[in-house]
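Worksheet for the structure shown next.
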Amino acid sequence: MSQARGFLGSSIGRKVIMAVTGAILFGFVLAHMLGNLQVYLGPEAMNHYAAFLRQVLHGAGLWIARSVLLVSVVLHIWSATSLTLSSRAARSIGYRERRWKESTYASRTMRWSGVIILLFVIYHLLHFTTGTVHPSFIEGDVYHNFVAGFRSVPVSVFYIAAMVLLGLHLRHGFWSMFQTLGVSHPRYMRWAHAGSWVFAILIVVGNISFPVAVLAGAVK
Amino acid sequence: MKLTLKVWRQKDARSEGRFVTYETDRANPDMSFLEMLDVVNEGLVAKREDPIAFDHDCREGICGTCGFVINGVPHGPKPRTTVCQLHMRSFRDGDVLTLEPWRADAFPVLKDLIVDRSAFDRIIAAGGFITAPIGGAPDGNAIPIRKEDADLAMDAAACIGCAACVAACPNASAMLFASAKIAQLALLPQGQPERWDRVRKMVARMDAERFGTCTNHGECEAVCPKGIRMEFIARMNADYVKASLTAGRRATGVAEASGG
Amino acid sequence: MELRSQIPSGPLEKKWEKHRFEMKLVNPANKRKYTVLVVGSGLAGAGAAASMAELGYNIKCFCYQDSPRRAHSIAAQGGINAAKNYRNDGDSVLRLFYDTIKGGDFRSREANVYRLAEISVNIIDQCVAQGVPFAREYGGLLDNRSFGGAQVSRTFYARGQTGQQLLLGAYQALERQIGLGQVEMFSRHEMQELIVVDGRARGIVVRDMVTGEVETHMADAVCLATGGYGNVFYLATYAKGCNATAIWRAYKKGAAFANPCFTQIHPTCIPVTGEYQSKLTLMSESLRNDGRIWVPKKKGDKRAPDAIPEEERDYYLERMYPTFGNLAPRDIASRAAKRVCDEGRGVGPTGYGVYLDFKDAVARLGRKMIEEKYGNLFEMYERITDEDPYRVPMRIYPASHYTMGGLWVDYDLMSTIPGLFVLGEANFSDHGANRLGASALMQGLADGYFVIPYTIGNYLAQTKAERVPEDHSDVRAAQSAVAQRTKRLLEIPGNRTVASFYRELGRVMWEHCGMTRSAEGLREGLRLVPKLREEFWKNVRVLGDGAEINQSLEVAGRVADFLELGELLCLDALERDESCGCHFRVEHQMADGEARRDDKGFCHVAAWEYAGEGRKPVRHVEPLTFENVDLTIRSYK
Ligand SMILES: Cc1cc2nc3c(=O)[nH]c(=O)nc-3n(C[C@H](O)[C@H](O)[C@H](O)COP(=O)(O)OP(=O)(O)OC[C@H]3O[C@@H](n4cnc5c(N)ncnc54)[C@H](O)[C@@H]3O)c2cc1C
Ligand code: HEM
Ligand code: HEM
Ligand code: SF4
Ligand code: F3S
Ligand code: FES
C-alpha cells in the first residue's frame, strides 16, 4: 500500500494517472463521436442505437461505462490539479520577460481547456442526459432531443466553442500520453505527434458537424 | 556596439531585488557575452558602483557554471550555446537586453544573477551513480557494449548541470536533468543492478527538492546547451513505472537460517 | 630543509608493489577516528575524497565552485592514456613509462613515472565500472586514438569530453559518499591558509564565499588537489577561477615549491582577438591526428587560405619532424609555431596564428567520420570564431595550458610539511619538464584513486589521532591572517581595477617568462613583477565588503598571490641555466633551434624554500638518477 502511495504521491506517478485516465477519456470521446454520427442515418437508427446502449448486459454495461468514466474524470482532474499546484509552487517569483521556443499554445493552456471541457460536460449532461436545461426533452427520443437541442443558436455556438478547446486539449494531450507513458523511440514519437493533429481534427470536425448540420437544416 | 542592459540586482538571498538599467557602447561583435559584462563591470568599478555578480568559470561551455536568462531565454538566443560561448555578434547594435537569474524556488538567488543549484548535487547523491568501490573493477573490455547504446549513453552524459532546463520549464521541472543521468546509467550494463532503485530514489529526491512536474512542454530541450532530448524523460518515465510496479520484493533469508 | 624522496629500493617494476606491502595499515575500526581534509574536487581531489571515504576515513572536501562537478578537470577534451595495448601495436607499461620520461625531457623521477604507467591500466577499468561512456567500436570494445609524443594508440576518450566524463565518474563516487555521510562537502569555500601545528599540517582556514565567514577546519591530515597555477599568465586555457592560493599559502608555511618554471604552452588554442579577451580556448590536441598544420611560405601573405596553392604552403612540422610530423610534442610544436610567426609568416588579423587544416582529412575519411571524432570541437570553434572549420582551416596559436611544476612531494605524495599531501596538477611529481597529452587525467586519477588511499594510511598509522584545540595560538594566528588580508584589500584607497593589474601581470609573464626565455628577459621580469606588486597593494580598488559574495575580492586575493608566484617563476627560470622540455632558454639551443639540455649541471629537481617576506627563497636540489633509461637527446625527427 505504502508502495502505491509512493507512486501516486510522486510527480511521475501522477503524470501517469493523468495519461491513463486521459487515454480512457480520449477513447470515450472518439467512440462517442462515432456513435453520434448515426444521427445522419435518421431517427430510427439513432434511437435504436441509444436504446441498444441501455440494454448492454441488461443495462449494467452503461453503468459500468459511466462509473469508469466518472472515476477517470475524477482522477484526471485530481492529478491535473495537484500537479498544477506543485508546479505553481515551484516558481513563486516569475520572469519579467519570457520567450517560448518549443512549447505550444495548446500545451500552455491544458489547464484552461481542461476546465472548460469539464464545464461543458456538466452542461452537456444536464442538456442531453437529464434534460434539465433542455427546451423540450423527451426521455428516450435521443434524436429529437438532439435536433431540438441544437436548434438554439447560442447553445450550438457554445458547443462549437467547447469542441475547439477539446481539440486543443487533445492536440497536446494525445502525443503527451505516449511521452508520459514512456514511448521514447523517435520514430514512434513522430507518429504520435502526427496522431495528435489527426485525432484532434477528426473529433473536432466530427462533433462540430452536428450542431452545424442541425442549424443548416441538413438534419431535421 | 551600443547596448541597453536591464539587469536584476539583488544584494543577497534575504534582500529584495530590482531591475537596474545600464548603458554601454564598448561592446564588440567578437566579445563573448561574459566579456561584455566584464567590460561593463570595469566601468561600474571606475564609477565606484558594485559590479554585476554572475557565475562563470571555464568560459568554454563545459563546466555548467554560467547561465542566466537573456530576454526571456535561458543562455540567450543562440541554440546549443551557453552564455559564456554566446558572442555579441548574435545581437544587433542598439539592442535592449533584460538579464534575469534562473527562477525556481529550488534555486534561491544568492546575488544578482547567481543562484544556488545545490539541489542538483543532492539529486545525484540520492542515486545518480554506479556503486563501484575503487579497486575492484573488472577489465574495461570484459563487457562489450553495443556502440549504439554507448553513444546514446554519451548523449545523455553530456549534460553539464547548468539548470537552464529548469529555468526554461514553465513548471520549473528538473526532469530533463534527472532523466539524462538516469537514462545514461540505465543504458549501460554496469548500471543495471541499481537501475530500478536508482530511478525511484532520484525521482523521490527531485520531488522532495520541490521542483515542478513535467507536462511535456519541451522548453527544456529547446534551451539545453548540450542537446539533451525529451526522449530521456520518456525513458525515465518508463523505468519509473516499471520500478514502481516491481518494487518491494524481498528475500526471506530462510535458506541461511536453516543452514548448519 | 632536506628532500627525502622516499623512493623504495629494489627493481623499478617491483618498487610500488614492495612499498605497498611495507606500508603500515590503519585497522578498520580506527579509520573512523581520523579526519582528512581534501581541498579540491577535480579528478585528484574527488578521487581522493571518494576512495578515502570508501575506506572509512571521515572526509571534508572543499571547492570554490558551486558544485564539485565543475572542477577544472571537466574541461579536458582529448583523452586519457593507459598502457592497455588493446591495439596490439606494441604498447606496454614500460613503453608508456619511457614515453613519459622522454616526453618530460628526463626531468622527472623514474619511480613515480613507472608507478603512474603501471596504475594507468586500473584507471580505465575503474572508470568503465563507474559508467564512464568511453568511445567504443562496433564490436562493443573500447576505442583508442593516438596523441602527441607517442607512436602507439593508447588514448581512451569520450567524444571531446573525456575530462568531463571522468570527472563526473569521480564526482558521482564522491556524491555517493556524501549521501552516505562519509564526506562533508563544502562548495563555494576558498582555502586561504594552512594550519601547521608542531610541524604537522593540522587544518585549513577557508572563506565561505557566500557569507564571507572565515571558517576553520581541523584534521589529522590535509590533501591539496587544487590544480595548476597557469593562470599566472592571465590569458590561459584554465578556468577563470583556477588559482595558486592554496599551494602558495602552503609554500609560505614551509612546503617546498618544485620547478615552478616548468609551465606548458599548448600548441592548439584559438588565437587572441582583442584587449577584452578573458581566456583562451583550447582545441584538443587530438585534432593534430587528422589536421595538418601550415603557414604560407611567403612573409606577410594575406591571401585567403584556399587562395594559397599547395606549393606555396609550408607544412613546417611535417618538414622539420618527418617521423612525428603534426604529432610532435607540445613544447616543440608550440615553439615551431612561435618561430614561423616571428618570421612574419603568421596568419589571421594579428599575425599570431597558424592554420590547422582538415581538408585532406575530410577528403580521406569523409565529413561524417570527422564529425564523429571532433564534431563538438568544430562546433565550439565555429561558435567562437564564426568560421566553419569543415571549409576554412582553423587558426590556432599556443597558450598557457599546464604547469608541471608544483609543490614538491615524495614518493608518498607528501610535501615537506608532514601531514600535507599534494595531488594532481598541484604537485610536481610525474611530468618533468613537459607533460605529454592525455597523461594529466591519468595522473590525477592515479594519485586520487590508487596512491593516496595507501600512503595516507601509512602516515596516519604512525600518528596518534589527537585533537588540536581551536584556540591554539597557531590556529588563531592563521585565522587572523586571513581576516587581516581581506580587510587590507578592501581598505586600499586605490583607483585601478583588479583586472587591469591581472592583465598587466599576464603580459609581463608571457613576454619575459613565456614560451622562450632569456637571462636578460627574466631579469627584466624580476624587476617588473615586484614593481607591479608594490603598486597593486597601493593602488588596487576593491569595492563592497567581505561579508557577502564579492567577486572582485576573490580575484584580488588570487592576483595578489600570482604577483608573488610570478617572481618565483622568473627566478627559477633564470637559475635553471639550460633548456629542457618546455623551459626554453635562447642561450641554450642547437643549431636547428632545439632545446639543449645540460645534464651535468641541471639533471635535478629545484625545490624552493620560502625564506620570509622580502628575502630570496632558498633553492634546494633533489638529484635525479636514471637507472633504467639513458639520457638521450630528445629527438622527434
Ligand atoms: C582546456 C584543458 C584541456 C585539457 N585536456 C587534457 C587532456 O585531454 N588530457 C589530459 O590528460 N589532461 C588534460 N588537461 C589537463 C588536466 O585537465 C588537468 O591537469 C587536470 O584535470 C587537473 O586535475 P586536478 O584534480 O589536479 O585539478 P583541477 O581539476 O583543476 O581541480 C582543482 C580543484 O581545486 C579546487 N580549488 C582550487 N583552488 C582552491 C582554493 N583556493 N580553495 C578551495 N578549493 C580550491 C577547485 O575548486 C577544483 O575543485 C587539460 C587542461 C585544460 C585546461
Ligand atoms: C476538468 C477537466 C480537465 C482538466 C483540468 C484537464 C487537464 C489536463 C492536464 C493539465 C493535462 C496534462 C497535460 C500533459 O501532461 O501534457 C491533461 C492531459 C490530458 N487530458 Fe485532460 N483535462 C481535463 C479533462 C479532459 C477530458 C474531458 C479529456 C478527454 C476528452 C482529457 C484528455 C486528456 C488527455 C488525453 C491528456 C494527455 C495525458 C498526458 O498528458 O499524459 N482531459 N489534462
Ligand atoms: C457536439 C458533440 C456532442 C454531441 C452531439 C453529443 C451528444 C450526446 C447525446 C445525444 C447524449 C445522450 C445520449 C443518451 O442519453 O443516450 C450524450 C451523452 C453524453 N455525452 Fe455527449 N455529445 C457530444 C460531445 C461530448 C463530449 C466532447 C463529451 C466529453 C468530453 C461528451 C460526454 C458525454 C457524456 C459523459 C454523456 C453521458 C453518457 C451517459 O449516458 O452516461 N459528449 N452526448
Ligand atoms: S539537461 Fe541541459 S539544460 Fe539541463 S542541466 Fe543538463 S545541460 Fe543544462
Ligand atoms: S519544459 Fe518542462 S514540462 Fe517537461 S518537457 Fe521540459 S520539463
Ligand atoms: S562558464 Fe563554464 S559553461 Fe559557461
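None of the figures in this text is laboratory data; all of them are computed from the coordinates on show. Computed from a prediction, not measured in an experiment: that's the story for all the values here. For neighbour counting, all protein chains shown are included, and Cβ atoms are generated from backbone atoms with ideal geometry for every residue, glycine included.
Just the number, please: Stokes-Einstein D of the stretch C:522-628 in µm²/s, Kirkwood Rh from C-alpha pairs, 20 °C, 1.002 mPa s. Stokes-Einstein gives a translational diffusion coefficient of 128 µm²/s.
Quote the Stokes-Einstein diffusion coefficient, in whole µm² s⁻¹, for chain C, based on the Kirkwood radius over alpha carbon pairs, a temperature of 25 °C and a viscosity of 0.890 mPa s.
Working: Rh = 24.8 Å.
Rounded to a whole number, D works out at 99 µm²/s.
For A:193, C:604, the sequence from fewest to most other C-beta atoms within 10 Å is A:193, C:604.
The Cα trace of chain A gives Rg and Dmax of 19.4, 60 Å, the first to one decimal, the second as a whole number.
Each principal axis of the Cα atoms in the stretch C:484-540 has its own extent, and those three values, largest first, are 38, 17, 17 angstrom.
Each Lys or Arg adds one and each Asp or Glu subtracts one; over the other residues with Cβ under 12 Å from the Cβ of residue C:611, this totals +2. Residue by residue along C:113-125, Cβ atoms of other protein chains within 10 Å of the local Cβ number 2 on average.
Inter-chain Cβ neighbour count for C:168-174, averaged per residue, equals 6 (cutoff 10 Å, partner chain atoms only).
So for the stretch C:1-101, taking the charge dipole from beta-carbon charges (+1 Lys/Arg, -1 Asp/Glu), which of C:101, C:75, C:26 sits furthest toward the positive end? Checking the options against the dipole of the stretch C:1-101, the answer is C:26.
Summing +1 for each Lys or Arg and -1 for each Asp or Glu among the other residues whose beta-carbon sits under 12 angstrom from that of residue A:47 gives -2. Residue exposure proxy: C:381, C:238, ordered by other Cβ atoms within 10 angstrom of their Cβ from fewest to most, comes out as C:381, C:238. On the basis of the beta-carbon distance and an R0 of 22 Å, residue B:46 and residue B:4 show a calculated FRET efficiency of 0.70.
With q set to 0.12, 0.16, 0.25, 0.26 Å⁻¹, the log10 of I(q)/I(0) for the stretch A:26-102, from the Debye formula over equal scatterers at the Cα positions, is -0.60, -0.77, -1.17, -1.19. The order of C:314, C:220, going from fewest to most other C-beta atoms within 10 Å of their C-beta, is C:314, C:220. Near residue B:195, once Lys and Arg are set to +1 and Asp and Glu to -1 for all other residues with Cβ below 13 Å from its Cβ, the sum equals +3. Mind checking which of C:522, B:142, C:537 is farthest towards the positive end of the protein assembly as shown's charge dipole, using Cβ charges of +1 (Lys, Arg) and -1 (Asp, Glu) about the Cα centre? Going by the Cα projections, it comes out as B:142.
In deg cm²/dmol and to the nearest 500, what is the mean residue ellipticity at 222 nm of the protein assembly as shown if only DSSP H runs of at least 4 residues count, each as -39500 (n - 2.57), divided by the residue total? Please list the in-between numbers first.
Numbers: 35 runs with 481 residues, N = 1117.
Computed ellipticity for the protein assembly as shown at 222 nm equals -14000 deg cm²/dmol.
The simple spin-label model puts a point 7 Å past each Cα toward its Cβ; for residue C:302 and residue A:190 those points are separated by 5.0 nm.
With the convex hull built on the Cα atoms of the stretch C:125-239, state its orientation-averaged projected area in nm². Don't jump to the answer; show the numbers that get you there.
Numbers: hull surface 46.4 nm².
Projected area, direction-averaged: 11.6 nm².
Over the stretch A:146-220, the alpha carbon radius of gyration divided by the compact-protein estimate 2.2 N^0.38 Å works out to 1.41.
So for the protein assembly as shown, what percent of the C-alpha to C-alpha distances run longer than 46 Å? Could the numbers behind the result be given before it?
Working: 233256 of 623286 pairs.
Value for the protein assembly as shown: 37 percent of Cα pairs lie more than 46 Å apart.
Shape index of the stretch C:239-346: Rg/Rh, with Rg the Cα radius of gyration and Rh the Kirkwood radius from the inverse mean 1/r over Cα pairs, equals 1.09.
Of the GluC sites (Glu not before Pro) found in the stretch A:39-142, those that fall in a DSSP loop while having at most 16 other beta-carbon atoms within 10 Å are A:97, A:102, A:139. Counting only alpha carbon atoms, the long axis of helix C:498-513 and the longest principal axis of chain C meet at about 60°. Simple spin-label estimate for residue A:37 and residue B:250 gives 5.4 nm between the two label positions (7 Å along the Cα-to-Cβ direction from each Cα). With Cα atoms defining each centre, the stretch A:148-220 and the stretch C:539-565 are spaced 63 Å apart in the structure. For the stretch A:1-107, a crude dipole built from +1 on the beta carbon of Lys and Arg and -1 on the beta carbon of Asp and Glu, taken about the Cα centre, is about 640 debye to the nearest 20.
Taking the centroid of alpha carbons for each part, the stretch C:189-242 and the stretch C:275-334 are 39 Å apart. Projecting the Cα atoms of A:109, C:225, A:179 onto the dipole axis of the protein assembly as shown, where Lys and Arg carry +1 and Asp and Glu carry -1 at the beta carbon, places A:109 farthest toward the positive end.
The convex hull drawn around the Cα atoms of the stretch C:424-491, when projected onto a plane and averaged over every direction, covers 8.3 nm².
Can you tell me the 0 to 90 degree angle between the C-alpha axis of helix B:147-157 and the longest principal axis of chain B, rounded to 10? So the helix axis and the longest Cα principal axis differ by about 50 degrees.
Is there a simple number for the mean count of other chain Cβ atoms within 10 Å of the Cβ of residues in C:204-210, and what is it? Walk me through the numbers on the way to the answer.
Numbers: counts 0, 0, 0, 0, 0, 1, 6.
Other-chain Cβ atoms within 10 Å of each residue's Cβ, averaged: 1.
Only Cα pairs under 8 Å and at least 6 apart count here; give the relative contact order of chain B as a rounded whole percent.
Values: 439 pairs, mean separation 48.5, N = 260.
Over chain B, the number comes to 19 percent.
Using only side-chain charges placed at the Cβ, +1 for Lys and Arg and -1 for Asp and Glu, the dipole size of the stretch B:1-58 relative to its Cα centre rounds to 360 debye. Helix A:43-55 and the longest principal axis of the Cα set of chain A meet at an angle near 60°.
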